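Reviewing the structure listed below.
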Amino acid sequence: MVSAISESRASSASSGAPGPAVSSASAAPFARSVWRRGAARLAAAVLLPGLLAVGTLAGAGTAAADDVPQHLGGASATLDGLKTFGGAVLHTAGEDQELPAGLFEMTVEGGGTLKTYCIDIHNPTQAQAKYQETPWAQTSLGANDDAGRIRWILEHSYPQVDDLAHLAAVAKTGPLTDQTAAAGTQVAIWRFSDGADVDASDPAAEKLADWLEKNARDTPEPAASLTLDSAAVSGRAGERLGPVTVRTNADRVTVTPPVDVGVADVASAAGVKITDKAGKEVTTATNGSQLFFDVPAGADDGTASLAVQATTSVPVGRAFAGVTRSQTQILAGSSDSTVSATATATWAASGAIPAISAAKNCARSGVDVTVANEGDAEFTFELAGDEHAVAPGESRTVTVPVVEDQPYEFAVNGPDGLTKTFKGVLDCRTTGTAPPPDEQITTQLGTDSEGAATAGLTDNLAETGSSSATPLIAGIAIALVALGGAAIFLLRKRKPTPPTD
């Protein structure tokens, strides 16, 4: 087991650092292709894009900690289905297979709507799958040299460009409809996300796809709508623990006062305040703000968390990964939507004081578990069958290998009953291979306000787009809090800018 795990040491200044970045082009909810593979589709675990350690630490009590899965921040949403689409033909293994191509829609937890294209043509989606905003590095986009061209396509085509007459004139396609524009855009994206040999069924859509493919330029990954630089911090009672740095495109975020997540002492967060570097208590923050947990001297050993939230438009080109196995999506348009992020602090008067976090590491096909120790004694823990130790003031990252597209579960076990359990599914690569010829490509239809299937392609469509694993997945997926409300979908309206050579 030792040879299967890689470690790296860092100074205390880098405690809680996330693992290597990974691209977000490995799932394709827009052209949801589902092949009937029964139990093989069971994605029975929850994806934890950025796990935050919670509960009591080794010196704070003997109770085992409950894991509270959270991602690195941003929007969380539920897939509503394929809403605006046309037809396409996938050429693979000597077979021509028809499939739908176009825009999916998602409903954001807390309010808002997203429109997305898929970026993994061979991977199925699940009905009402949960998705989270995810860095490219934690998806297939991280290893895709053409990821930036996909973003260029999103910015220069439908729905970002909703003047279809102008788009048709620039691309010389002939008349375009919403459906053919969406199909042509999705086809062009698949050529870069999957290297797929795919054509749009409609001649105008095919011309649009060719024009987008030819003119696409490398464009940087957009910044997150909201994230925190540190997922977990630790230190002694009587100190300000941090910093936790806010990164957001929102004008301002609200800061929720500390919430206790300790198991041994439910009152351990009493008296803890969120402050700036100077010690002034804060309830709002802006991009670049540094937040600290101000823990009173003499406070009982414990753990607490803070949350930040804002309403903003999620940047076009952000990736959305499934909480369970489901095609990865890439954002094509956003209304004003609720975004949030969470950080955790652990404190004690003396002894080892660990801060534990985890993040997917697509570059190493595993999950990075980072343990920082801000105490005055060595912290020892067991992970994946091996013993590890972190000296005071140091940080260690252990990469636990996991199998692509398969559920994983492992725990960090420390002294005095400390346990942090991490569960998820690693989805870092596009499937890249076609289904057997006897398996049918299907899609997920959206529904209107009365629950009726939306209009679209009628050949070879599944009833709901879900696999037989859907009930099990729904039963074990994380419960995301739906705060309600729906924002009016506001897509930026502009004309495409002709590319320059």
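At a Förster radius of 35 Å, what calculated FRET efficiency corresponds to the Cβ-Cβ distance of residue 278 and residue 223, to the nearest 0.05?
Computed FRET efficiency for residue 278 and residue 223: 0.85.
First select every other residue whose beta carbon is under 11 angstrom from the beta carbon of residue 180; then total the charges, Lys and Arg +1, Asp and Glu -1. Show your work: numbers first, answer last.
Working: positive: 207; negative: 178, 202, 206.
Every neighbour counted, the sum reads -2.
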Residue list for the range 194-221, given a label point 7 angstrom along the Cα-to-Cβ vector of residue 249 and an amide N cut-off under 17 Å:
219-221
Give me the one-decimal nm value for the distance between modelled label points at residue 214 and residue 169, 7 Å along each residue's Cα-to-Cβ direction.
1.9
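Taking the mean number of other Cβ atoms within 10 Å as a proxy for protection, how do you rank 229-238, 183-192, 356-365 from highest to lowest?
Numbers: 229-238: 22.4, 183-192: 30.3, 356-365: 25.2.
Taking the mean over residues of other Cβ atoms within 10 Å, the ranking is 183-192, 356-365, 229-238.
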Give me the number: length gained by fully extending residue 290 to residue 95, i.e. 0.36 nm times residue separation minus the C-alpha to C-alpha distance, one decimal in nm.
64.6 nm
Protection proxy ranking of 103-115, 374-386 - average other beta-carbon atoms within 10 Å, highest first
103-115, 374-386
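Read the figures in this text as sums done on the coordinates, not as results from a lab. Everything quoted here is computed from the prediction, not taken from an experiment. Ideal geometry is used to build each Cβ from the backbone, glycine not excepted, and the neighbour counts take in all protein chains shown.
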